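A.B. asks: Dropping a structure here in structure tokens format, bear with me for questions.
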Amino acid sequence: MNALAKLWRNVWIRRLIYLIVLLAAAWLIKLVFFPSKAQNNYITAPVTRGDLEQTVLATGIVKPYKQVAVGAQVTGEIKSLKVKLGQTVKQGELLAVIDPRTQKNTLQTAQAQLNSNQAALEKAQLDFNRQKMMLAEGATSKENYDSAKAALASAKANVDQSRVNVDTAKLSLGYTQVVAPIDGVIVSLPVEEGQTINSNQSSPTLMTIAQLDKITIRAEISEGDITKVKSGMPAYFNILGETDKRYDTTLRSIDPGPTTLSDNTSTSASSSSSSAIYYYGLLDMPNEDGKLRISMTAQVSIIVNSAKQVLIVPSTALGERNAQGQYKVLVLGKDNTTTDKWVDVGLNTNINAEVKSGLNEGEQVVVSQSTDASNTTSGRRMGPPM
């Protein structure tokens, strides 16, 4: 205690304690009666000029512009394959040869039957002519004449049927020479030489030929977007391997029925109500370099509206809307002060919006704001009304 009393009697120590007490009191008075104003922090974006596009998005698959499954129309062993997978062929080019011996034998049998029936027809014709002359002279009966006439008609019918059989046999023999129905590329070859093909199978496919110099994108457009698009609209797509490359094209057509009808599939009544409904939109694209391959995935954008070289602001900069349809925008000045402006908005993609009037290029619009005191966004609502 003596030491503390001695220390307190020191003048400089007492003055230092008084000073600390006064500074603490002054700080408390300022904090209570003169609080500092919170500093506003703004996140801004410049008003720029550019192009805007409002699009409908769809996922599509690359398909050949035209594709034909080449089937076997006769039964037999594949004696020779004249093509290989990936080969380019021309219409009428020989693709494969099926063993023709059975068809040759059938043709010979049909031809022999035709010859026999023609001989029978000649005999029936002579008999009829004789019976006709004899009937005129009263040397035969009407019954014999009618019998010869019927025999002649039957012989003619047999000859006609034999000619049909010969023509059919010739066609079957011709089918042993399989030729290309279109120009294209062999994209599927599931058979081999020596394999026996049965024409009575549901799908005796020898190979598939596709035209790949031009492709078709088969895009699935959702039920919610189908009313926004129509044939002839500009569109573009990119593929997974080149997401930065844009392929510009046009929406050629839209299937009238949903994808389940186009694919010849059906959905049960219990699942149809909960399943999403899509419609196929078709887009064509030249493919001379062959870069676009069958079954590639394409991200398709169909342009339903666009604006060229217009003033653009982020959609989040749009505030409340007045009765005249104008939006309030907060503009930041050089002295960090803000001004409310009412602007007319055109195309709005919900990412960026076109400004028709009320702003100038280069002005800074506020898209978000916060204060140092709370470090949270202020009560001012940013973004277009929902």
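To keep it simple, each residue is scored yes or no on (1) over 30 Å from N305 (Cα atoms); (2) touching a residue at least 40 places away in the same chain (Cβ under 8 Å).
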residue: D127; (1), (2): yes, no
residue: S154; (1), (2): yes, no
residue: N165; (1), (2): yes, yes
residue: K170; (1), (2): yes, yes
residue: V179; (1), (2): yes, yes
residue: E223; (1), (2): no, yes
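A.B. asks: One residue is enough: does the range 149-161 have a residue meeting the conditions in contact with a Ser or Thr (Cβ under 6 Å, 6 or more places away or on another chain) and of a type in the set (A, V, I, L, M, F, W, C)?
C.D. replies: No, the range 149-161 has no match at all.
A.B. asks: If you take the residues in the range 35-71 that are at pLDDT below 90 and in contact with a Leu (Cβ under 6 Å, 6 or more places away or on another chain), which one is farthest from L189 (Cα to Cα)?
C.D. replies: Y42
A.B. asks: Collect the residues in the range 289-345 that are surrounded by 13 or more Cβ atoms within 10 Å (Cβ to Cβ), hydrophobic (A, V, I, L, M, F, W, C) and outside any strand (DSSP E or B), keeping them in residue-number order.
C.D. replies: Residues satisfying the conditions are L292, I294, M296, A317, L318.
A.B. asks: Of all residues being closer than 13 Å to Y175 by Cα and in a loop (DSSP other than H, G, I, E, B) in the range 92-133, which is nearest to the chain's Cα centre (by Cα)? Just the residue, please.
C.D. replies: Looking at residues that are closer than 13 Å to Y175 by Cα and in a loop (DSSP other than H, G, I, E, B), I get G92.
A.B. asks: In the range 191-213, is there at least one residue being more than 30 Å from L81 (Cα to Cα), in a strand (DSSP E or B) and not β-branched (V, I, T)?
C.D. replies: no
A.B. asks: I'm trying to understand the selection: among the residues of the range 116-156, which are exposed (fewer than 15 other Cβ atoms within 10 Å of the Cβ), over 30 Å from T106 (Cβ atoms) and hydrophobic (A, V, I, L, M, F, W, C)?
C.D. replies: Passing the criteria: L126, M133, A136, A139, A150.
Residues checked against (1) of a type in the set (V, I, T); (2) out of contact with any Lys or Arg (no Cβ under 8 Å at 6 or more places or on another chain):
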| residue | (1), (2) |
| --- | --- |
| V159 | yes, yes |
| S162 | no, yes |
| L171 | no, yes |
| Q211 | no, no |
| A219 | no, yes |
| G224 | no, yes |
| S231 | no, no |
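A.B. asks: Next up: Which count do you get for residues in the range 80-111 that are of a type in the set (S, T, Y) and closer than 19 Å to V68 by Cβ?
C.D. replies: Number satisfying all stated conditions: 1.
A.B. asks: Going residue by residue through the range 240-255, is there one that turns out to be under 19 Å from the mean Cα position of the chain (by Cα), part of a loop (DSSP other than H, G, I, E, B) and farther than 30 Å from N360 by Cβ?
C.D. replies: yes
A.B. asks: Check G86 against each of (1) surrounded by 13 or more Cβ atoms within 10 Å (Cβ to Cβ); (2) closer than 30 Å to T216 by Cβ; (3) modelled with pLDDT under 95 and name the one condition it does not meet.
C.D. replies: (1)
A.B. asks: Residue by residue through the range 136-185, note down the ones that are within 30 Å of G71 (Cα to Cα), out of contact with any strand residue (DSSP E or B) (no Cβ under 7 Å at 6 or more places or on another chain) and aliphatic (A, V, I, L, M).
C.D. replies: V164, V166, A169, L171, L173
A.B. asks: Right, next: Against the condition among the β-branched types (V, I, T), buried (at least 19 other Cβ atoms within 10 Å of the Cβ) and not in a strand (DSSP E or B), how does V56 come out, does it pass?
C.D. replies: In short, no.
A.B. asks: Right, something else. Pick out the one residue from S275, S295 that is under 23 Å from the mean Cα position of the chain (by Cα) and at pLDDT below 90.
C.D. replies: After ruling out the rest, the residue left standing is S275.
A.B. asks: Something else about it: Which residue is modelled with the lowest pLDDT, if the candidates are limited to the range 347-361 and must be of a type in the set (G, A, S) and surrounded by 15 or more Cβ atoms within 10 Å (Cβ to Cβ)?
C.D. replies: Taking the candidates together, the pick is G358.
A.B. asks: Sort through V159, V178, V166 and tell me the only one that's surrounded by 15 or more Cβ atoms within 10 Å (Cβ to Cβ), in a strand (DSSP E or B) and in the same structural domain as T75 (by TED's automatic domain parsing).
C.D. replies: Criteria check complete, one pass: V178.
The values are calculated or read from the model by the stated rules, or taken from the named source; none is laboratory data. No experiment lies behind these values; they were computed from the predicted model shown. For neighbour counting, all protein chains shown are included, and Cβ atoms are generated from backbone atoms with ideal geometry for every residue, glycine included.
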